[in-house]
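Take a look at the structure set out below.
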Amino acid sequence: VTEYEGLCEALARKFVGRAGAEFDDLVQEGRIAVWQSLQDGRAPSTSYVEYAMRMWVTTLRRQAS
């Protein structure tokens with residue numbers, strides 16, 4: 001998972017501030033996505049990690065409504 005830390009941080013920067021999303025929370029969502037991919041026997045993809053972060057932002061938007 002630590003090998004993908006840079007990817008998680010880079011993608012998190014794209015989403016910081018959207019719907020109140022915080023950097024650390026987004027990085028954590030990315031780490032979880034990486035871990036899930038590895039558990040499934042797949043190499044984590046950028047699109048999968050980014051999707052997880054998008055879903056986190058969507059969740060925050062729904063909670064704010």
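The values are calculated or read from the model by the stated rules, or taken from the named source; none is laboratory data. None of the values given here were measured: they were computed from a predicted structure. Quick reminder, even Gly has a Cβ in these numbers, built from the backbone with ideal geometry, and neighbours come from all protein chains shown. For accessibility, only protein heavy atoms count, side chains too; no ligands or nucleic acids. Shrake-Rupley method; radii C 1.70, N 1.55, O 1.52, S 1.80 Å.
Looking at this structure, is TRP56 touching a Pro at 6+ places or on another chain (Cβ under 9 Å) and surrounded by 12 or more Cβ atoms within 10 Å (Cβ to Cβ)?
No; evaluated as a whole, the condition is false for this residue.
Tally time: how many residues in segment 13-53 are open to solvent by 50 Å² or more (accessible area, probe 1.4 Å), assigned to a loop (DSSP other than H, G, I, E, B) and in contact (Cβ under 8 Å) with a residue 12 or more places away in the chain?
Of the residues in segment 13-53, 0 are open to solvent by 50 Å² or more (accessible area, probe 1.4 Å), assigned to a loop (DSSP other than H, G, I, E, B) and in contact (Cβ under 8 Å) with a residue 12 or more places away in the chain.
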